[in-house]
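Step one of this worksheet: look at the structure below.
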Amino acid sequence: MTESQERPTGMPVNEAEFTDLLPATRRALLQRLATGQVEGRTPSLVGAVMRDGRMVWAAGRGAVDGEVPGADTQYRIGSITKTMVAVMVMRLRDEGLLDLNDPLDRHLDTPEGGGATIAQLLSHTSGLAAETGGPWWERTDGALRPELADIFGERPQRHAAGRLHHYSNPGFALLGALVERLRGESWYEALRREVLEPLGMRRTTLTAQAPHAEGWAVHPWADVLLPEPAVDTGRMAPAGQLWSTAADLCRFGAFLLNGDDRVLKAASVEEMRRPETAPQNPDWTGAYGLGVQLTRGDGRLLFGHVGSMPGFVGALWVSQEDGVAAVVLGNLQSLFSAPVIAAELLRAVAEHEPRIPEPWRPLEDADTSLLELTGPWYWGAAPFAVRLAAGRGLRLAPLGGAGRGASFRAEEDGTWTGLDGYYAGETLTVVRDADGAVSHLDIGTFVFTREPYEAGGAVPGGVDTGGWR
């Protein structure tokens with residue numbers, strides 16, 4: 001296959017072809033990647049950056065088969081596989097074949113975990129054990145676990161479902177089996193046809209395809225190497241089997257940023273990125289959505305996933321605010337280096353070259369009949385403003401800083417559903433008087449009027465007849 005067939009226009013591979021970033025930025029990226037390869041004593045390391053939908057920089061350090069690796073060199077990506085499996089589950093949800101609140105055993109005959117909901121499995125709140133029974137699954141042939149029952153040990157349920165976040169690799173094996181049950185084919189074949197091919201990710205495969213790196217362990221006290229096995233993990237493959245490239249993961253990062261109607265609409269991808277288990281303190285640095293990891297630091301929220309398999313480590317981080325994603329892939333038995341380097345590559349681009357905002361444009365599909373809902377509203381005496389958004393959506397924002405804001409999606413029945421914050425899932429109803437004029441807004445029984453504590457009967461409990469004084 002030729003290079004033009006492998007890569008859409010604007011996705012070059014040779015570092016010399018990348019002209020979109022400033023020279024100082026490119027040097028900073030290369031310096032960080034090179035330092036990471038040396039300090040981590042990594043046989044080979046590849047980094048790449050996606051900005052506004054396309055890869056704009058990539059470089060490799062070290063060697064694979066005597067050559068410097070590049071954006072087209074395959075590495076095993078470990079648990080980044082989970083995010084791709086999660087996309088398949090969300091596709092099934094959007095097609096109406098399942099509900100995220102369904103217990104798994106409504107769709108799959110499973111020996112364990114059937115009482116957990118699909119959302120709990122996606123968010124690692126099912127309570128299932130972190131690892132399989134038997135020998136270390138990442139280094140042993142999947143033939144040792146031919147059936148779902150074979151992946152569980154003596155105590156598969158470690159916590160009550162829904163109680164807390166507890167990372168579970170067997171949980172994603174069950175989700176892969178769910179995809180197979182509802183698609184009638186292997187989870188990977190469904191993923192390849194429905195996700196990888198539409199996104200142009202032709203170098204993301206179940207088994208290695210040349211050019212690819214070999215997995216290595218590095219001796220802790222000497223600069224010598226030991227090869228790591230790269231086995232087919234069978235039933236556990238949905239938890240971490242896939243091989244991919246920096247170029248393909250840049251494509252996937254662009255998808256996680258904006259969605260793609262051929263694969264999953266933007267609203268569903270955004271749903272995956274929201275923390276599914278609410279952080280318990282305002283200074284949280286890590287959370288988990290629906291198959292998506294989130295991390296926060298230096299004032300920046302990143303989403304994506306990290307992964308490792310014996311001899312491999314990888315990370316994909318995306319910043320919605322900056323429109324940037326960074327990928328790092330290495331062939332070293334280590335868990336911590338790649339996520340840090342990827343976050344620093346992303347930050348280098350964002351800080352050296354802050355995002356230039358898109359030009360302001362009027363809404364193309366504005367429903368001007370909704371203009372009567374826009375402008376100032378009052379919850380009691382607290383001022384808010386409603387603005388019209390795309391797709392007949394509404395945005396409620398407090399005036400003066402304090403208060404509960406939210407975006408709302410228009411529904412076919414004439415109501416709106418909250419998408420975020422305190423009002424997520426709550427219903428906004430426009431209440432009209434006998435003449436059809438807008439009287440007030442009702443959001444989950446909270447009433448918003450055009451004047452502070454407006455008289456006239458809309459405010460629950462009434463308004464003092466003496467008025468303001």
Most exposed first, judged by fewest Cβ atoms within 10 angstrom, H440, H305 run H440, H305
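In whole angstrom, how long is each semi-axis of the equivalent ellipsoid of the range 368-448, when you take the square root of 5 times every eigenvalue of its Cα gyration tensor and sort them from largest down? Please report the intermediate quantities before stating the final value.
Values: eigenvalues 62, 47, 31 Å².
Output for the range 368-448: semi-axes of 18, 15, 12 Å.
On alpha carbon coordinates alone, what is the Rg over Rh value for the chain, Rh being the Kirkwood radius?
1.03
Within 11 Å, Cβ to Cβ, of L290, how many net charges do the neighbouring residues add up to if Lys/Arg are +1 and Asp/Glu are -1?
Working: positive: K82, R93, R273, R274; negative: E270, E271, E276.
Net charge around L290: +1.
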Among A342, V438, G421, which residue has its Cα furthest toward the positive end of the charge dipole of the chain, with +1 on Lys/Arg Cβ and -1 on Asp/Glu Cβ? A342
Projecting each Cα onto the charge dipole of the chain (Lys/Arg +1, Asp/Glu -1 at the beta carbon, about the Cα centre), which of A86, M236, T73 comes out farthest on the positive side? T73
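For the range 406-469, what is the Kirkwood hydrodynamic radius in Å, using each pair of distinct C-alpha atoms? The partial results should precede the final answer.
Details: mean 1/r = 0.0769 Å⁻¹.
In the range 406-469 this quantity evaluates to 13.0 Å.
If Rh is defined by the Kirkwood formula over all Cα pairs and Rg also comes from Cα, what ratio Rg/Rh do you get for the range 131-271?
Details: Rg = 17.4 Å, Rh = 17.4 Å.
The Rg/Rh ratio comes out at 1.00.
Ignoring everything except DSSP H segments at least 4 long, calculate the 222 nm mean residue ellipticity for the chain; use -39,500 (n - 2.57) per segment, divide by total residues, nearest 500. Display every interim value, and only then the final one.
Numbers: 9 runs with 98 residues, N = 469.
When only DSSP H runs of four or more count, the value is -6500 deg cm²/dmol.
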For the range 346-358, 3J(HN,Hα) per residue [Karplus equation, 6.51 cos²θ - 1.76 cosθ + 1.60, θ = phi - 60°, Hz, x = Gly/Pro]: 4, 5, 4, 5, 4, 7, 6, 9, x, 4, 8, x, 5
Taking every alpha carbon pair in the range 94-212, what does the distance histogram look like in 5 angstrom bins from 0, in percent? 2, 11, 18, 20, 19, 16, 10, 3, 1
Just the number: Rg to Rh for the range 266-371, Cα atoms, Kirkwood Rh, two decimals. 1.08
What list of ³J(HN,Hα) values in whole Hz, one per residue of the range 289-300 in order, does the Karplus curve 6.51 cos²θ - 1.76 cosθ + 1.60 (θ = phi - 60°) give from phi, with Gly and Pro shown as x? x, 9, x, 10, 8, 10, 9, 9, x, 6, x, 10
For the range 293-431, what log10 I(q)/I(0) values come out of the Debye formula at q = 0.14, 0.16 1/Å, with one point per alpha carbon and no solvent? -0.84, -0.93
Two decimals is fine: what is log10 I(q)/I(0) at q = 0.20, 0.31 Å⁻¹ for the range 141-192, from a Debye sum with one equal scatterer on every Cα and no solvent? -0.85, -1.22
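If the range 15-121 were replaced by its equivalent ellipsoid, with semi-axes equal to the square roots of 5 times the Cα gyration tensor eigenvalues, what would those be, largest first, whole Å?
After scaling each eigenvalue by five and taking roots: 41, 18, 11 Å.
What does the charge count near G456 come to, summing +1 for each Lys or Arg and -1 for each Asp or Glu among other residues with Cβ under 14 Å from its Cβ?
-3
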For the range 237-324, convex hull volume per residue from C-alpha positions, Å³: 125
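Read-outs: derived from the displayed coordinates by stated rules, not from any lab. Bear in mind that the values here come from a model prediction, so they are computed numbers and not experimental data. With ideal geometry, Cβ positions are generated from the backbone for all residues, glycine too; neighbour counts draw on all protein chains shown.
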